[in-house]
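Structure, as structure tokens:
The values are calculated or read from the model by the stated rules, or taken from the named source; none is laboratory data. A quick note: this is a predicted structure, and the numbers were derived from the prediction, not measured. With ideal geometry, Cβ positions are generated from the backbone for all residues, glycine too; neighbour counts draw on all protein chains shown. The accessibility values were calculated without ligands, DNA or RNA, using every heavy atom of the protein model including side chains. Shrake-Rupley method; radii C 1.70, N 1.55, O 1.52, S 1.80 Å.
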Amino acid sequence: MDVRDFTRAVDVVDAHIHMQRSAAHTQELYHYFLMRGATRSGPPNPPVIGTLEQVQAMLERTGVRHANILMFTWSGMYYRDGQFTLPDDPAERALADRELKERISRRIVDNNEWALQTALAQPNLSCFVGIDPVVMDERALLAEIEDKVRRGAAGVKSQFTDCGILADDRRLWPLYDYLQASEIPLQMVTAEWAPGLNRPAHCAAALAEFPRLRLIFSHIGHGHRFGEGSDAEFLELAQRYPNVCGDLSLRLPEVADGHIDPQAMVAHLRRIGTDRIFYGSNFSLNEMLHPGPPPAEGDFQLSETLKGLQALATLPLTEDERADIAGRNYRRWLKLRA
Ligand SMILES: [Zn+2]
């Protein structure tokens, strides 16, 4: 089916995209953060650039009416790599470590500022801003959120797996306290592919302490086996806490590819509560993670995003549930302006 027919009939909002500042920024994301390219895995170059121009082209071609940029800086990698360069002398080392953290914090703030200015200038975009509780001290971290949200950011994006911490780390308690009190949503990424990474279960202690926290789980938990592992952990939290939500990025293409049975997906979404599920594509990262044949010169890959929309259009949901998941839930939750 033509996804344009679907998006003409149903208001679709993309709760989860990644936009890069430039082609060089995307090369860094692809080769450095995702560790792909000719000498590692995947094609030598990413099949998509994901700059503003391509994000707007994606929205135009799909008919999706709004997209939320999840801005994040792979600051954990910067910090780990930067530590290899520190001097031996203990006093010099401490000073250089502090300077390194300040420099990375500034990188995070500058990226956030760019995302905010871009979203403010585009009526069909909003943004969440990134933070790092390891390189930013508590005061700087809360000040950064306060500043960006006051000027229009819609929420906060975390990447605790990259930061090397778990969601039950007590350094995060002031952050959770502030976000709960201010009703600011926090996008939570969890991972199941290696031991020691942040999982939904690591959020249980925070939710017990801050039960009204608005946590949006990327990929509804992203279990290896559908409905098990981190999928089941996410479901348990969603059933217990009314402000726990999830987005369907990376999971709808799994339905389209036949890895998840459509009926099983719908049953799972109903257990979570279809009023707390958001459509999301993970564009442009989703395309980099699943590269197909190289796109024509000047074009970019959109196949994963289209597959996800096709799955959303055809899942055996009621039309009311579909409209909720496609866009109504997110507009209600984020009070979007366009
Ligand atoms: Zn993502």
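Ignoring ligands, DNA and RNA, what percent of the 1.4 Å accessible area of the chain is carbon and sulfur?
52
Over all directions, average the projected area of the Cα convex hull of the range 1-156 and note it in nm².
Values: hull surface 45.6 nm².
Orientation-averaged projected area of the Cα hull: 11.4 nm².
Could you work out the per residue convex hull volume over the alpha carbons of the chain, in cubic angstrom? It would help to have the intermediate numbers written out before the result.
Values: hull volume 45.5 nm³, N = 338.
Considering the Cα atoms of the chain, their hull volume per residue is 135 Å³.
Once the piece of chain linking Met35 and Ala91 is laid out straight, how much longer is it, given 0.36 nm per residue of separation minus the C-alpha distance between them?
Details: separation 56, 0.36 × 56 = 20.16 nm, distance 3.38 nm.
Additional length available on full extension: 16.8 nm.
In Å², what does the accessible area per residue of the range 3-334 work out to with a 1.4 Å probe?
Numbers: 13800 Å² over 332 residues.
Ligands and nucleic acids excluded, the result is 42 Å² per residue.
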Quiz item: Under a GNM of the chain (C-alpha, springs under 10 Å), which listed residue has the highest mean-square fluctuation: Ala140, Ala119, Ala91?
Solution: Ala91
Quiz item: Given R₀ = 56 Å, FRET efficiency for Asp110-Thr318 by Cβ-Cβ distance, to 0.05?
Solution: 0.80
Practice problem: Pop out the ³J(HN,Hα) list for the range 148-158 in order, Karplus 6.51 cos²θ - 1.76 cosθ + 1.60 with θ = phi - 60°, rounded to Hz; leave Gly and Pro as x. | Solution: 6, 5, 4, 9, x, 5, 8, x, 10, 10, 10
Exercise. Quick one: check the C-alpha center-to-center distance for the range 106-137 versus the range 1-57, whole angstrom.
Key: 18
Quiz item: Per residue, what volume in Å³ does the convex hull of the Cα atoms of the range 55-129 enclose?
Solution: 82
Quiz prompt | Cα radius of gyration and Dmax for the range 217-338 (Å) | solution = 14.6, 49
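Given the DSSP H assignment, sum -39500 (n - 2.57) over each helix run of at least 4 residues in the chain and divide by its residue total; what's the result at 222 nm in deg cm²/dmol, nearest 500?
Details: 16 runs with 152 residues, N = 338.
Computed ellipticity for the chain at 222 nm equals -13000 deg cm²/dmol.
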